[in-house]
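S.K.: Here it is, the structure in full.
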Amino acid sequence: MKNNYYTLQEIIEGYTQKSFTPADVFDHYYNRHQQIEVKHGLNSVITQSSRETTEKAAAKQPQPIPIGHKDIYSTQNIRTTAASNILADYIPPYSATSVKRLESAGLVGVVKLNCDAFAHGATGENSDFGPTKNPYALNHTPGGSSSGSAAAVAAGIIPAATATDTGGSIRFPASLTNTVGLKPTYGRASRYGVIAMTSSTDSIGHITRTVWDSAYLLNITAGQDPLDATTSNRPTENYLAQIEQGIKNLRIGIPKEYTENIDPKIMSVYEKALTDLEKLGAELVPVSLPHTKDAISAYYIITPSEISSNLGRFDGIRYGMDRSAFGAEAKRRIMIGTFCLSAGYYDAYYLKAQQVRTLVIQDFQKVFEQVDLLVTPVSPTLTPKLGEAINDPIKNYMLDVLMVTANLAGIPGLSVPAGFVGSLPVGIQFLGNHFDEHLLFQAGYAYEQHTQYYQREPEFKEI
Amino acid sequence: MQIDIEKIAKLAALPLSEEEKSTLKPQLDQILDFVEALKSVDTTNIAPTVQVTGHTNVWRTDKAIAGLTTKESTMNARKSANGLIITEQVLSYEE
């Protein structure tokens, strides 16, 4: 294998053409790990499976492909830490449904990927295993919480990675690392075996190099799971079937609230993207989502409240360390959540936030009567430098301001590369109505093939 | 909005050092001020959203299926013996 980077599509094609063998593929990615992860101190990986374990798993598959799993996905008999000291030596006795489905389809997990501890964060700096570096700018963050997933795919250490998005944690790091991040509709893919953060918004997705790859993986993970009662019984579809259809006459909404207080350099990239979408035949429609700015406050009540409940299971008795081992951000969220749910405050905080959530959902329902999709910027600012956002919790929270509405509403979103400011990647996101992932892929694919930004490789330098 | 750190830490079963308490208090107060913005949103007659699936009760067939073995379910416990997980004493008995 002569190139440094491959998509899943290229590997599958290579197997079909017999251009390489499984041993070639696994050797290639093992070498990339040594050359890139190790040499540049990327810190995207927490646990790497031994070659023996990997070879055994790969031998069971006719066309095995290595994949990485965000370290909140339970992997049977492989250490799963949630990037927290609490679970530093935890070995799950079972695998997440998504892990099993991917493995049955030939995608063999070879690395457990770094993230913010318990997925709490937007830069990867809340990891108890050290922060991850952005391959496009080593002194900048790759975004979070799926920091390791994004960095490892961007660096070509693995061709694809699982991830989760509760408040932007797939879309945000994907947009900062020139990769494609899918947040499916809530309930489209099973959360069973994924360490829970916010049960009403956690969304199981993945980060890939291209839109085709993203659709290919959703074909595998989507579908009802009897082990996750929140999964939808709506039949799944072949997400690749219409991917090349193009976007002629598709109505794409531009929500005005998503373009306020955005860095002008990001606005230039976004506006150029809008012109490209028009060239491709889409009809751009100005729309309004009036409760957008209330969403972040509602999110930062609902999220810690549900976190405080979900982290209650970490009692240091059945598994894990005692509760004093939680990191600072987890402690903050547990405290805020416990407060918001406590007697006397529940109505004013949690209940109120849930009412505002209804308003956010209604905004989207009205808008999706007028348009098929929305397109918005992903981040209000350029990728922060490592150390910039970590000491200011609110600054960290505000990075998600354009992300959280999709999670509150449960709608799907796809973040795709949209260009660069200097060396720093900038993405845009498409948002769709519930279960309209096929439209997201259609738009993302058309835009990606027209612009080809994904071809630009990282330089592994500080800037 | 001011948070009663001692009370909340007890409710949350979160052991905090004195240093942590003094660092956390202003951060928590700041976060609560940040979310206070919601008070001004008109939510008259708006029902709360608890979940976005639209599902109500999801059933399965009442048939016993295999779960974790005793070995699997105790393998991560800090203290275990005889297939049981050892915990701290919860109830105390007065003589």
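The values are calculated or read from the model by the stated rules, or taken from the named source; none is laboratory data. Just so you know, these numbers come straight off a predicted model, no measurement behind them. Cβ coordinates were reconstructed from backbone atoms using ideal geometry, including for glycine residues, and neighbour counts include every protein chain displayed.
S.K.: With respect to residue A:402, determine if the residue is of a type in the set (A, V, I, L, M), part of a loop (DSSP other than H, G, I, E, B) and either at pLDDT 95 or above or in contact with a strand residue (DSSP E or B) (Cβ under 7 Å, 6 or more places away or on another chain) (or both).
M.R.: Criteria met by residue A:402.
S.K.: Quick one: which of B:25, B:39, B:7, B:21 is free of Cβ contacts under 8 Å to residues at least 24 places away in the same chain and closer than 12 Å to residue A:356 by Cα?
M.R.: Checking each option against the conditions leaves just B:39.
S.K.: From (1) surrounded by 23 or more Cβ atoms within 10 Å (Cβ to Cβ); (2) more than 8 Å from chain B (Cβ to nearest Cβ); (3) more than 24 Å from the chain's Cα centre (by Cα); (4) not charged (D, E, K, R), pick out the condition that doesn't hold for residue A:330.
M.R.: Result: residue A:330 fails condition (3) only.
S.K.: Does residue B:47 satisfy being surrounded by 10 or more Cβ atoms within 10 Å (Cβ to Cβ), at pLDDT 95 or above and under 27 Å from residue A:166 (Cβ atoms)?
M.R.: no
S.K.: Pairs, please: C-beta under 8 Å, at least 6 apart or cross-chain, first residue at the interface with chain A (Cβ under 9 Å from one of its Cβ atoms) and without any contact (Cβ under 8 Å) to a residue 24 or more places away in the chain and in the range B:48-70, second loosely packed, with under 10 Cβ neighbours inside 10 Å and in a loop (DSSP other than H, G, I, E, B)?
M.R.: No pair meets every condition.
S.K.: Identify, from the list A:394, A:411, A:390, A:428, the residue that is surrounded by fewer than 19 Cβ atoms within 10 Å (Cβ to Cβ) and among the hydrophobic types (A, V, I, L, M, F, W, C).
M.R.: Exactly one residue qualifies, and that residue is A:394.
S.K.: Out of all the residues in the range B:11-70, which are of a type in the set (Gly, Ala, Ser) and not in a loop (DSSP other than H, G, I, E, B)?
M.R.: Residues satisfying the conditions are B:22, B:37, B:40.
S.K.: Yes or no: the range A:211-221 includes at least one residue that is in contact with a Phe, Trp or Tyr (Cβ under 6 Å, 6 or more places away or on another chain), surrounded by 23 or more Cβ atoms within 10 Å (Cβ to Cβ) and of a type outside the set (Gly, Ala, Ser).
M.R.: Scanning the range A:211-221 turns up at least one residue that is in contact with a Phe, Trp or Tyr (Cβ under 6 Å, 6 or more places away or on another chain), surrounded by 23 or more Cβ atoms within 10 Å (Cβ to Cβ) and of a type outside the set (Gly, Ala, Ser).
S.K.: Can I ask one more? Starting from the range A:222-237, keep only residues that are facing chain B (nearest Cβ under 8 Å), then list their pairs with residues that are surrounded by fewer than 16 Cβ atoms within 10 Å (Cβ to Cβ) and at pLDDT 95 or above whose Cβ atoms are within a distance under 8 Å, requiring at least 6 positions of separation or different chains.
M.R.: Note: pairs meeting the criteria are A:230/A:199.
S.K.: Enumerate the pairs (first residue in the range A:382-394 and at pLDDT 90 or above; second residue anywhere and in a helix (DSSP H, G or I)) with beta-carbon separation below 7 Å, excluding pairs fewer than 6 apart on the same chain, so at least 6 apart or on different chains.
M.R.: A:382/A:265; A:382/A:266; A:383/A:176
S.K.: From the residues in the range A:22-44 that are touching a residue at least 40 places away in the same chain (Cβ under 8 Å) and not in a helix (DSSP H, G or I), which one is nearest to residue A:56 (Cα to Cα)?
M.R.: Across the range A:22-44, the extreme among qualifying residues is A:44.
S.K.: Continuing with this model, one more query. When you scan the range A:295-310, how many residues do you find that are closer than 23 Å to residue A:74 by Cα and more than 9 Å from chain B (Cβ to nearest Cβ)?
M.R.: Result for the range A:295-310: 5.
S.K.: Could you pull out the residue among B:9, B:37, B:13 that is surrounded by 10 or more Cβ atoms within 10 Å (Cβ to Cβ), at the interface with another protein chain (Cβ under 8 Å from one of its Cβ atoms) and at positive phi?
M.R.: B:13
S.K.: Residue by residue through the range A:82-103, note down the ones that are under 22 Å from residue A:227 (Cα atoms) and among the polar types (S, T, N, Q).
M.R.: Passing the criteria: A:95, A:97, A:98.
S.K.: Please go through the range A:211-254 and pick out each residue that is among the charged types (D, E, K, R) and out of contact with any strand residue (DSSP E or B) (no Cβ under 7 Å at 6 or more places or on another chain).
M.R.: A:225, A:228, A:234, A:237, A:244, A:248
S.K.: When you check residue B:43 against the structure, is it within 9 Å of chain A (Cβ to nearest Cβ), in contact with a Lys or Arg (Cβ under 6 Å, 6 or more places away or on another chain) and of a type outside the set (D, E, K, R), yes or no?
M.R.: no
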